[in-house]
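The values are calculated or read from the model by the stated rules, or taken from the named source; none is laboratory data. Being a predicted model, the structure only gives us computed values, none of them experimental. Cβ sites come from the backbone with ideal geometry, for glycine too, and all protein chains shown count toward neighbours. The accessibility values were calculated without ligands, DNA or RNA, using every heavy atom of the protein model including side chains. Shrake-Rupley method; radii C 1.70, N 1.55, O 1.52, S 1.80 Å.
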Amino acid sequence: MFNTVSMVGLGYIGLPTAAVLASRKIKVIGVDINQHAVDAINRGQIHIVEPELDIIVSEAVSQGYLRATTKPEPAEAFLIAVPTPFMGDHEPDVSFVEAAARSIAPVLKKGNLVILESTSPVGTTEQMAEWLAQVRPDLSFPQQKGDYADINIAYCPERVLPGRVVHELVHNDRVIGGMTPNCSYRAKQLYKIFVEAECIATNVRTAEMCKLTENSFRDVNIAFANELSIICDKLGISVWELITLANRHPRVNILQPGPGVGGHCIAVDPWFIVSKNPEEARLIRVAREVNDSKPNWVLSKVRQAMAEILMAHPERRASSLKLACFGLTFKPDIDDLRESPALEIAREISLLNPGATLCIEPNINNLPEGFRIGTQLCDVEYALENADIVILLVDHKIFKEIPANKLTYKTIVDTRGLWR
Ligand code: SAJ
């Protein structure tokens, strides 16, 4: 049914999807504006970090099923997975979707299927159909001719977890929102090429909202845990013990508090609901605010720890204090620093601390910008030998393995409950 598919956007979602499709012996033309990414893929290499992806891409390219280009070419189906960030005022920026739609419009042919996968505010797919129709008045679209249109259009959100993308692409259920029933039917046929789980059809707006709902649900639940951690700190209760006990109730399942919420999804997507429904989305907005303000609370705990040491040791100067930040990534055991609260906190610590700041992040080789000059990236042993205050920001596996006796004489600010 589909011999040639074009994947527009070859990032964290597009490249794995293109490679998995190609591994099912579909000819895949990958399109990206990033020449460096295109060149790397055509050499059979990858420009992002994701387990298992390198092997699939290199095989797909060497067998001739996957090829990348910067200029769209004709295909039977087009999948769009481009970034949808938000702007300074939390308003969604769908300009990459518009650019992608306008770039494929000239090569569209009667019978083509166009699917948007990018996380998008409700209404974006219909807007995309309008952009396509503007460029191609010679073709008919679902908003004009329904099931009899020349072009089929659907929204099908990605839902894969970074670090498990290749597995989840195949094994997660897919929600498929066609602009018409025929659009859904055709999109379903496409996903069935590689999805072994269920593909469930709905309408386009429900599918768009479904993706936003999933990530907002998680954000609200993490905000609940983060708020609890602040309340428990005031009350002298261990939030970690409290959550373990409360979760013994058969209908309670509280998530884990941390230094805040990071990444390019959960910290962003709820704003797509809030910006369209500012009056109604009250809980969703407050959850965002609770999670966004958690780094400041952690910083206040660090300041408090510094003050307590100086009070207990009046002979010491503030500039003699050494602080060690354990972890910079947005979640454990990955190298991704995007929207990372740990990174934000570590930077601020380096700026507020008159003494030395050490950072321990086994998944990167160089400190990113924004730290006070002199801030050092070092290993666990060096940090534990030298630091007065250790601040646990990311629950990387190797930090879990630190023996308790190495932490005995340290002042600890543990945002993950790893060393409780
Ligand atoms: N976090 C906590 N406490 C928790 C769970 C997570 O503080 O109990 C924090 C993490 O440390 C991290 C942030 O939340 O900073 C987000 O991490 P995550 O593992 O919850 O999610 P992401 O951003 O890696 O991926 C999410 C997933 N969505 C859901 O689980 C509902 C994934 O399935 C989506 O495909 C992805 O967003 C996306 O692309 O939208």
What about residue 398, is it aliphatic (A, V, I, L, M), closer than 20 Å to residue 333 by Cα and not in a loop (DSSP other than H, G, I, E, B)? yes
Please state which of the following conditions residue 25 fails to meet, knowing it meets all the rest: (1) in contact with a helix residue (DSSP H, G or I) (Cβ under 9 Å, 6 or more places away or on another chain); (2) modelled with pLDDT of 95 or more; (3) part of a loop (DSSP other than H, G, I, E, B). (1)
Can you find, within the stretch 155-213, the residue that is nearest to the ligand (Cβ to nearest atom) among those that are β-branched (Val, Ile, Thr) and not in a helix (DSSP H, G or I)? 160
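Could you please find all residues in the stretch 84-104 being outside any helix (DSSP H, G or I) and not aromatic (Phe, Trp, Tyr)?
Our first condition is that a residue be outside any helix (DSSP H, G or I); within the stretch 84-104, this holds for 84-94.
84, 85, 87, 88, 89, 90, 91, 92, 93, 94, listed by residue number.
Quick check on the stretch 205-244: of everything there that is among the hydroxyl-bearing types (Ser, Thr, Tyr) and within 20 Å of the chain's Cα centre (by Cα), which residue is farthest from residue 115 (Cα to Cα)?
Step one: filter the stretch 205-244 for residues among the hydroxyl-bearing types (Ser, Thr, Tyr), giving 206, 213, 216, 229, 238, 244.
Now restrict to residues that are within 20 Å of the chain's Cα centre (by Cα): 213, 216.
Values: 213: 20, 216: 23 Å.
Looking at residues that are among the hydroxyl-bearing types (Ser, Thr, Tyr) and within 20 Å of the chain's Cα centre (by Cα), I get 216.
Return the residues of the stretch 265-297 that are touching a strand residue (DSSP E or B) at 6+ places or on another chain (Cβ under 7 Å), within 16 Å of the ligand (Cβ to nearest atom) and not aromatic (Phe, Trp, Tyr); say none if nothing qualifies. Working first, answer last.
Keep residues of the stretch 265-297 that are touching a strand residue (DSSP E or B) at 6+ places or on another chain (Cβ under 7 Å), which gives 268, 271-272, 275.
Of the ones still in play, those that are also within 16 Å of the ligand (Cβ to nearest atom) are 268, 271-272.
Passing the criteria: only 268.
Kindly indicate which of 391, 412 is open to solvent by 50 Å² or more (accessible area, probe 1.4 Å) and in a strand (DSSP E or B).
Result of the check over 391, 412: 412.
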Residue 347 versus (1) open to solvent by 40 Å² or more (accessible area, probe 1.4 Å); (2) at pLDDT 95 or above; (3) part of a loop (DSSP other than H, G, I, E, B): which is the lone unmet condition? (3)
Can you confirm whether the stretch 20-33 contains a residue that is surrounded by fewer than 18 Cβ atoms within 10 Å (Cβ to Cβ), of a type in the set (A, V, I, L, M, F, W, C) and more than 18 Å from the chain's Cα centre (by Cα)? yes
Considering the stretch 329-344 alone, what residues qualify as being touching an Asp or Glu at 6+ places or on another chain (Cβ under 8 Å) and either open to solvent by less than 40 Å² (accessible area, probe 1.4 Å) or on the phi > 0 side of the Ramachandran plot (or both)? 329, 330
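For the stretch 274-298, which residues satisfy the criterion of being open to solvent by less than 10 Å² (accessible area, probe 1.4 Å) and assigned to a helix (DSSP H, G or I)?
Of all residues in the stretch 274-298, those open to solvent by less than 10 Å² (accessible area, probe 1.4 Å) come to 274, 281, 287-288, 291, 294-295, 298.
Hits for the stretch 274-298 are 274, 287, 288, 291, 294, 295, 298.
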Can you tell which of 337, 321 is within 16 Å of the ligand (Cβ to nearest atom) and within 22 Å of residue 378 (Cα to Cα)? 337
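Every residue, every condition in (1) free of Cβ contacts under 8 Å to residues at least 12 places away in the same chain; (2) open to solvent by less than 10 Å² (accessible area, probe 1.4 Å), yes or no:
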position: 114; (1), (2): no, yes
position: 123; (1), (2): no, no
position: 127; (1), (2): no, no
position: 133; (1), (2): yes, no
position: 137; (1), (2): yes, no
position: 162; (1), (2): no, no
Just the residues that are open to solvent by less than 50 Å² (accessible area, probe 1.4 Å) and charged (D, E, K, R), please, taken from the stretch 214-265. 219
Being among the basic types (Lys, Arg) and modelled with pLDDT of 95 or more is the requirement here; does residue 420 meet it? no
Cross-chain or 6+ apart pairs with Cβ under 8 Å, the stretch 9-33 first and on the phi > 0 side of the Ramachandran plot, then polar (S, T, N, Q): 9/118
